[in-house]
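Structure record follows, encoded as structure tokens.
The values are calculated or read from the model by the stated rules, or taken from the named source; none is laboratory data. Everything quoted here is computed from the prediction, not taken from an experiment. Please note: Cβ atoms are built from the backbone with ideal geometry, for glycine as well, and neighbour counts cover all protein chains shown. The area values use the complete protein model at the heavy-atom level, side chains included, leaving out ligands, DNA and RNA. Shrake-Rupley method; radii C 1.70, N 1.55, O 1.52, S 1.80 Å.
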Amino acid sequence: MSEVKLATETRTEFGKGAARRIRRENKVPGVLYGHGTDPVHLTFPGHELLLALRTPNVLIALDLDGKTELAIPKSVQRDPLKGFLEHVDLLLVKRGEKVTVEIPVQTEGELAPGAYLLEHVLNALPVEAEATHIPESVTVSVEGLSAGDSVLAKDIELPKGTTLAVEDDAVVLQVLAAQAEETEGEESEGDEAAAEA
């Protein structure tokens, strides 16, 4: 798991106007909370934070008033049109502490020959892992699977120290038979037959 160091500043101004001023300076407003402490309002360097958040569940080492605090992203708000970061909530964590996060599910291999579709029932798998050893993703082989086959949470091999935070029999992936679309000619013939009846 990657750890990214970010310099932060404590902020004292709140509200929309203050947030807009922060964003104009290419910075991102955010909040750090957890462990029963009062929320700390922070300002992050925009570009560095954007790069850090490209890694799911990234561990961020915050340089905060001369101390280093560890945090993971809990909520990220982006502008729906332009995609820039608007606000981030970070959860304070400690080394050795277990946290529940969702990790992306990736697939490898080819389905059995035929018209099959692979459905991701869960795009991300809820797991519990040590805060400093959160896996970036899990990879599942779908080699040779055909219609009716599914992959359950318990079938996925997790890295050492990581446990499921979802029911063992939860369906993660399933294979469906592709539906053949009716052609326009067949559809109109069926409509005429129904009208005559």
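Mind giving me the FRET efficiency for residue 12 and residue 150? R0 is 45 Å, r the Cβ-Cβ distance, nearest 0.05 is fine.
Computed FRET efficiency for residue 12 and residue 150 comes out at 0.30.
Give the carbon-plus-sulfur fraction of the accessible surface of the chain in %, rounded to a whole number; probe 1.4 Å, heavy atoms of protein chains only.
Reported share for carbon and sulfur atoms: 47 percent.
Helices in the chain, meaning DSSP H runs of at least 4 residues, each add -39500 (n - 2.57). Divided by all residues, the mean residue ellipticity at 222 nm is -4500 deg cm²/dmol. Mind jotting down the distance between the C-alpha centroids of region 82-161 and region 36-74, whole Å? One Cα centre to the other: 23 Å. Largest GNM mean-square fluctuation across 148, 46, 36, computed for the chain with C-alpha springs under 10 Å, falls on 36. Label-to-label distance, residue 176 versus residue 106, with points set 7 angstrom from Cα along the beta-carbon direction: 2.6 nm. All distinct Cα pairs of region 1-149 go into the 1/r average, and the inverse of that average, the Kirkwood radius, is 17.4 Å. Projecting label points 7 angstrom from Cα along Cα→Cβ for residue 51 and residue 67 puts them 2.8 nm apart. Dividing the mean sequence gap of close Cα pairs (under 8 Å, 6+ apart) by how many residues the chain holds gives a relative contact order of 17 percent. Taken per residue, the accessible surface of the chain reaches 61 Å², heavy atoms only and a 1.4 Å probe.
With the simple model of a label 7 Å out from the Cα in the direction of the Cβ, residue 95 to residue 130 spans 1.0 nm. Altogether, the Stokes-Einstein calculation at 25 °C and 0.890 mPa s, with the Kirkwood radius of region 1-74 over Cα pairs as Rh, returns a diffusion coefficient of 192 µm²/s. Sequentially through region 113-121, phi angles give Karplus couplings (6.51, -1.76, 1.60; θ = phi - 60°) of x, x, 8, 10, 10, 9, 9, 8, 5 Hz, Gly and Pro residues having no value and appearing as x.
Counting only protein chains, not ligands or nucleic acids, how are 41, 47, 35 ordered by accessible area (probe 1.4 Å), most first?
Highest to lowest solvent-accessible surface, that is 47, 35, 41.
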